[in-house]
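Visitor: Just dropping this structure here.
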Amino acid sequence: MDKFKGIHTNQRLLLEELESRGISVEVLIPEIELAEAKLGSHCEILIDRDSSVVPYAGSLIAADKYLTKLLLKRAGLPVPQGEQFFSDQIADMMNYISQMDPPFVVKPTFGSHGIGCSLEIYSQEDIEQAISHLLATIGPKTPFLIEKQILGMEIRVFINRERQFAALCRDPAYVLGDGSLTVKELIESENEKRANSGNLALSQILIDQEVERTLGKFNITLNSVPRAGAKIYLRRNSNMATGGVSTDVTDQIDDNLVELAFRALKAIPALPYAGIDILTQDITSSSSASAILEINSNPGLKMHHYPSFGQGRNVAGLVAD
């Protein structure tokens, strides 16, 4: 019998890693992924992958994208220009962005998986629509950030205090045209392949308002038939949960980007490890312009273990360490 049945792959990877080291693991409440790990007289209670190893204050700060931005700036690290607002500050927000050049990004201060995020916003009408969508999705009182969008490649660097790391380049969900199928049919075909691929990090591509908005920017609809070989991006955020694709670049990433990730980790006191999201123009260049987007104190593991392309990396081992 599978003792970890029903446990999300991210936590399962960690629990299996702990067991492989002779640590006794028991799932106490599978519905909330509450587990106990024992080695001799030492006991840890884990909720998902959170344990006593991760300080509470550090995890709270990392969960708050605005506080994270402030601490990163305080440490002299590059972050996108932007500010936090609430729904009753729309006039102030419009005045603020009038002094910036588009495109813009709108995203919730608290949240994950790209929920409520809108990218490549140019007009006031699109900004208002993006904010309305965010508030309707997450709640009318939620704070949100509006930032100047930095164009480039998005990378996720898992790194710990010993400077051990793994790096991925993340690409937003896309389909490749074949000259006969519509975009919707291509998505359905891709989702069927993913369901049968055995790759635990490949999520289904969601069809939602963001997909239709992204396609509309290129005068494409779900019923359009792309030419053979055409790469059709379906959204601009690269989150794996919404169908993003990952490529391992651990052996290609420039040392300066690894150092940037390491400095970001140290900007949140006492975090033992984190997933650092960075936008950069070139992962192999020491002179490439880069900016840190956010810090994840409870980063995903499966994307590194099962990248869409490239070598898998045992980051669960680093968490277990």
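The values are calculated or read from the model by the stated rules, or taken from the named source; none is laboratory data. Here the structure is a predicted model, which means the values were calculated and not measured. Cβ: placed from backbone, ideal geometry, glycine included. Neighbour counts: every protein chain shown. Calculation scope for accessible area: heavy atoms of the full protein, side chains included, ligands and nucleic acids excluded. Shrake-Rupley method; radii C 1.70, N 1.55, O 1.52, S 1.80 Å.
Visitor: Determine how many Å³ per residue the convex hull of the Cα atoms of segment 153-291 encloses.
Guide: Enclosed volume per residue, from the Cα hull, is 132 Å³.
Visitor: Give me D for segment 40-89 in µm² s⁻¹, whole number, from Stokes-Einstein with Rh from the Kirkwood sum over alpha-carbon pairs, 4 °C and 1.567 mPa s.
Guide: Estimated via Stokes-Einstein, D reaches 95 µm²/s.
Visitor: Suppose all protein chains stay in the model; what accessible area per residue would a 1.4 Å probe give for the chain, in Å²?
Guide: Result: 48 Å² per residue.
Visitor: State log₁₀ I(q)/I(0) for segment 89-209 at q = 0.15, 0.19, 0.20, 0.23 Å⁻¹ as given by the Debye formula over alpha-carbon point scatterers of equal weight, solvent excluded.
Guide: -0.93, -1.15, -1.18, -1.28
Visitor: Using helices alone, I'd like the mean residue ellipticity at 222 nm for the chain: each DSSP H run of four-plus residues gives -39500 (n - 2.57), total over residue count, nearest 500.
Guide: On the way: 10 runs with 97 residues, N = 321.
Result for the chain: -9000 deg cm²/dmol, rounded to the nearest 500.
Visitor: A further question follows. Give me the distance in nm between label points sitting 7 Å out from Cα along the Cα-to-Cβ direction at ASP282 and GLU185, one decimal.
Guide: Result: 4.2 nm between the two label points.
Visitor: Further question on the same structure: Can you list which of the chymotrypsin sites (Phe, Trp or Tyr not before Pro) found in segment 106-171 are DSSP loop residues with at most 15 other C-beta atoms within 10 Å?
Guide: PHE110, TYR122
Visitor: Follow-up question, since we're still on this one. What does the convex hull of the Cα atoms come to per residue for segment 209-321, in Å³?
Guide: Each residue corresponds to 147 Å³ of Cα convex hull volume.
Visitor: Let me ask something else. Accessible area of segment 170-267 with a 1.4 Å probe: how many percent of it is carbon plus sulfur?
Guide: Values: 2140 of 4600 Å².
In segment 170-267, the share of accessible area belonging to carbon and sulfur is 47 percent.
Visitor: Where in segment 18-71 are there trypsin sites (Lys or Arg not before Pro) that are in a DSSP coil and have at most 14 other Cβ atoms within 10 angstrom of their Cβ? Walk me through the intermediate numbers first.
Guide: Numbers: sites: ARG21, LYS38, ARG49, LYS65, LYS69; in loops: ARG21, ARG49.
Loop-located and lightly packed - ARG21.
Visitor: Another question about this same structure. Jot down the per residue volume, in cubic angstrom and as a whole number, of the convex hull over the alpha-carbon atoms of the chain.
Guide: 151 Å³
Visitor: Got a sec? Which residues in segment 295-321 would a label at ILE23 touch, if it sits 7 Å along Cα→Cβ and we count backbone N under 12 Å?
Guide: 316-321
Visitor: Could you check which residue among ALA63, ALA37, ALA261 shows the biggest mean-square fluctuation in a GNM of the chain with a 10 Å Cα cutoff?
Guide: With Cα springs under 10 Å in the chain, the top fluctuation among ALA63, ALA37, ALA261 is at ALA37.
Visitor: Moving on to the next point. With 16 Å as the cut-off, how large is the P(r) tail for segment 64-109, expressed as percent of Cα-Cα pairs?
Guide: 45 percent
Visitor: What is the Cα centroid distance between segment 201-253 and segment 260-321, reported in whole angstrom?
Guide: Segment 201-253 and segment 260-321 have Cα centres spaced 22 Å from each other.
Visitor: Related question: Over all directions, what mean area does the Cα convex hull of segment 219-284 project, stated in square nanometres?
Guide: On the way: hull surface 28.1 nm².
Averaged projected area of segment 219-284's Cα convex hull equals 7.0 nm².
Visitor: Shifting gears a bit: Over 19 Å apart: what share of the alpha carbon pairs of segment 6-123 falls there, rounded to a whole percent? Spell out each step's value before the answer.
Guide: Details: 4362 of 6903 pairs.
Here the tail beyond 19 Å accounts for 63 percent of pairs.
Visitor: Could you work out the percent of alpha carbon pairs in segment 183-225 separated by over 17 Å, rounded to a whole number? Working shown, then result.
Guide: Working: 345 of 903 pairs.
Cα-Cα pairs of segment 183-225 separated by over 17 Å account for 38 percent.
Visitor: When ranked by the protection proxy of mean other Cβ atoms within 10 Å per residue, highest first, what sequence do the peptides 294-307, 178-191, 87-100 form?
Guide: 294-307, 178-191, 87-100
Visitor: Then there is this: Would you mind telling me which residue in LEU13, LEU34, LEU279 has the biggest mean-square fluctuation in a Gaussian network model of the chain, where springs connect alpha carbons within a distance under 10 angstrom?
Guide: LEU34
Visitor: Here is a further query. What trypsin sites (Lys or Arg not before Pro) in segment 137-177 are in a loop by DSSP, with at most 16 other Cβ atoms within 10 Å of the Cβ?
Guide: In loop regions of segment 137-177 (DSSP not H, G, I, E or B), the sparsely surrounded trypsin sites (Lys or Arg not before Pro) are LYS141, ARG161, ARG163.
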